[in-house]
Amino acid sequence: MVNRPIVMISSYPPRLCGIATFCEEAREFIQKANPDREVLVISHTDGRGEGVFPIIDMQRYDWWKPVVRKIEKLDPYAVHIEHEYGLYEYRDPRGIGDGNSGFLDLLEAIGNFPIVVEPHTVHGRLRDFEADFIYKMCQRSHLVLFKCHYQKWRLDWTFRGRDWPTPRNIMVVPHGARSDRRWGMHEIPALRKQFGLDKIGLAGHVVGMIGWIQSNKRWDILLSMWEDIHNEIKARTDQDWDLLAAGAMRDPRHRQDYEKWKSEVQLLESKGLAHYYEFIPRGEDYYKIMAICDFIVLPSTDETQSGTLARIIALNKPYITTAPMEGLTAQTLESEGGLLFTTKEMLRQKVIKLATDEKLRLELGENLKRYLDRVVCWEVVAGQYNEAYNLARKAVQTGQPIALDLEF
């Protein structure tokens, strides 16, 4: 490949990090959409793989300087940066953070190259720090990619309320989802067998809570009601349904909730009502475990967008999630592929409804298939990334800032 590369800046596997997994998957499809270019990654020091340069050392206050030198050497076609506050926060020996100031320094230092920044946390109601940071980030980037339309119109409302000019270099590109991870009903027995779930008495119908076990993923809400829900479904349908809780702890700070919720699943397991399966939720196994389930419950209480939801959509699995909850609610409304709850009783009723209404499950699944194919599949998203690179390059070449329309 003789053409200039696309260079991504991000955390990267084997780090157990949602952004790392996102970057790995995005890179795969950006490469497919740009077969004449290399897609390279500048990662933190724990990144590994071909075309990965693990040079971001967050122990250094000037971590961004080696990144600048590498960018200058690679001379990229475009720089595509995945942003999450925790990824670029330098903390001094006192433990005091720099407010991502090094990240802003990086953007200023590479401003001669086309810069596309993709922030993964943009709250609808911004804290003062977040509003200030996003303003400065937009000033120093050629194009910024938000995941959801509401984030863009809420930003306009927030900035107008502060008498700040609203950045016009914001483009909405949704969280990508794979379109090549769908299994037919005839393939599910083989998946059960692969993970040994055929030997533990797993019921013919399964409700899933799948993914990283974190304090914001409130498994306990459903666990506290599952025995009653199970009995109600059995009384109405005479079908056996199990709850499959599968995943692993990623952040040691969440150990107390992890241990408590795991023990609650195991108590239900002793009654023949649920099963716990420990696995690292990444790669193809993540999709396969989800595929075994009839539908998924995602009871999150703090999330702006979700890699778990992207996988649910990829599999066309009906789901139930919390509302109002940022991107989870927005994508549920846009896709018409899931149900929403805001109280425990609503969750109880929605789980019973989905379990007892096969026609509804099929309808929601079809809606998700349509949404995936038309809106969020990686093939569509990679095309939007290419559009973003072209816009950023034009801004560099002409010296004219990008000015896109507001949402409303």
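The values are calculated or read from the model by the stated rules, or taken from the named source; none is laboratory data. Worth saying up front: this structure is predicted, and the values here are computed from it rather than measured. Because the Cβ atoms are built from the backbone with ideal geometry, glycine has one as well, and the counts that use them run over all protein chains shown.
This table checks each residue for (1) crowded, with 16+ Cβ neighbours inside 10 Å; (2) at pLDDT below 95; (3) in contact with an Asp or Glu (Cβ under 8 Å, 6 or more places away or on another chain).
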position	(1), (2), (3)
ASN169	yes, no, no
HIS175	yes, no, no
LYS193	no, no, no
GLN214	yes, yes, yes
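At least 1 residues being within 22 Å of the chain's Cα centre (by Cα) and closer than 22 Å to THR343 by Cα is the threshold, and among the helices (runs of 4 or more DSSP H) wholly inside segment 146-265 those reaching it are 219-223. Sub-8 Å Cβ pairs linking a first residue in segment 1-28 that is farther than 15 Å from GLY51 by Cα to a second residue that is of a type in the set (Val, Ile, Thr), at least 6 apart or interchain, are LEU16/ILE280, ordered by first then second residue. For segment 26-46, a residue qualifies if it is surrounded by fewer than 18 Cβ atoms within 10 Å (Cβ to Cβ), in a helix (DSSP H, G or I) and of a type in the set (D, E, K, R), and the qualifying residues are GLU28, LYS32. Scan segment 276-295 and tell me whether some residue there is at pLDDT 95 or above, more than 16 Å from GLY18 (Cβ to Cβ) and of a type in the set (Ser, Thr, Tyr). So far as segment 276-295 goes, yes, one or more of its residues are at pLDDT 95 or above, more than 16 Å from GLY18 (Cβ to Cβ) and of a type in the set (Ser, Thr, Tyr).
Of all the residues in segment 133-161, those that are charged (D, E, K, R), without any contact (Cβ under 8 Å) to a residue 40 or more places away in the chain and farther than 19 Å from ILE81 by Cα number 2.
Hey, among the residues in segment 391-408 that are over 25 Å from the mean Cα position of the chain (by Cα) and in a helix (DSSP H, G or I), which one's surrounded by the most Cβ atoms within 10 Å (Cβ to Cβ)? Only one residue tops the list, namely ALA395. With respect to the stated conditions, ALA310 is modelled with pLDDT of 95 or more and either within 19 Å of the chain's Cα centre (by Cα) or among the polar types (S, T, N, Q) (or both). Which residues, counting only those in segment 46-58, are in contact (Cβ under 8 Å) with a residue 24 or more places away in the chain and either farther than 18 Å from ASN100 by Cβ or not aliphatic (A, V, I, L, M) (or both)? Within segment 46-58, ASP46, GLY47, ARG48, GLY49, VAL52, PRO54 qualify.
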